[in-house]
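Have a look at the structure below, then the notes.
Coordinate-derived values only; no laboratory data. Keep in mind that this is a model prediction, so the values were computed, not measured. Please note: Cβ atoms are built from the backbone with ideal geometry, for glycine as well, and neighbour counts cover all protein chains shown.
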Amino acid sequence: MLSLTNKPNVSLFLIVSLLWLSPSHAFEKDFPPYPDNKFPPTCSINTLKASNETDRNKGSFKSTYRLVDQSESLILHVDMDYSKKHSGVYARLNNASGKALLKPLKVGSHPSNIKSIHWAYLNKDNHKDWIIVMDGGDGYLSAGRQTVSFLLSGKNGYQLQQLSAYRVGQKDFYDYSTDNKCEYLHQTLVSDSTGSYWAYNVLQFIDGKIVIKNQLSRYFPKWIKLTVKPNSKASTLSKKQIKAFSKSYKEQLKQVE
């Protein structure tokens with residue numbers, strides 16, 4: 001799982017202290033920082049609603065998401081295991097005949113954190129992929145932090161890949177490669193001695209893996225400094241900063257491989 005661990009610094013402490021009074025200033029506007037009229041083509045991200053779901057706040061939780069499309073029927077189960085040893089939210093996938101396509105894999109810590117569930121064609125194998133978004137923040141700067149679980153089809157069956165991100169939505173998925181498949185504009189937070197920055201990178205789905213593909217867009221990678229007031233202006237970083245941020249990001253991304 002991709003997570004960010006940054007050394008504390010004075011500027012970040014001051015910013016977070018001010019954001020305590022005004023948490024909305026921590027986040028970018030609803031759409032990522034593109035020049036006017038320069039958005040790439042969007043791709044189709046389809047939201048699913050549970051066909052069956054028990055109370056998320058009770059001691060037993062089970063939910064079912066049914067997808068019927070082009071004569072294909074798939075069933076995603078997202079259930080809670082309350083045992084001390086295996087506590088967590090688990091996803092598993094079956095076809096219409098009940099054959100297991102994905103064994104139960106942990107995607108979260110509690111069903112109350114389930115934000116949304118989607119399907120899309122993310123890689124090039126023309127099989128449906130799944131996106132499970134779980135809220136993970138506890139307020140203020142971390143309120144928009146989420147865990148995104150990608151259930152990716154591939155030559156070895158479905159595989160689970162997870163990332164930490166902020167305010168994930170359909171607006172983050174674009175067809176940069178113009179092949180009717182989705183890439184993902186990933187937003188996360190990085191820090192150094194000069195402050196903290198929103199980092200944007202283009203990610204692509206290849207088989208069951210996630211790889212950095214910033215070469216698909218001349219606008220990324222991009223860094224925007226975290227300030228008290230809303231800010232969408234790209235920061236000009238030194239070569240040393242760019243190298244450090246890029247190395248840190250790539251090292252963390254390797255954890256999903």
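Overview of results
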| quantity | calculated |
| --- | --- |
| Loop trypsin sites (Lys or Arg not before Pro), the range 121-230 (other Cβ atoms within 10 Å of the site Cβ: 11 or fewer; DSSP) | K155, R218 |
| Fully extended contour minus Cα-Cα distance, from K155 to K85, at 0.36 nm per residue | 22.0 nm |
| Low-density loop positions, chymotrypsin sites (Phe, Trp or Tyr not before Pro), the range 60-112 - DSSP coil, at most 16 other Cβ in 10 Å | Y82 |
| Computed over the range 10-256, Kirkwood Rh from alpha-carbon pairs, angstrom | 19.4 Å |
| Pairwise centroid distance, computed over Cα atoms, of the range 147-162 with the range 184-257, Å | 22 Å |
| Pairwise label distance in nanometres, S44 with I206, each label 7 Å out on the Cα-Cβ vector | 2.6 nm |
| Above-threshold pairs, the threshold being 32 Å between Cα atoms, out of K124/K233; K49/K243; K115/K181; K49/K85; K84/K115; K115/K250 | K124/K233; K49/K243 |
| All lysines inside 22 Å of K247 as judged from Cα atoms, apart from same-chain residues fewer than 8 positions distant | K7, K209, K213, K222, K225, K239 |
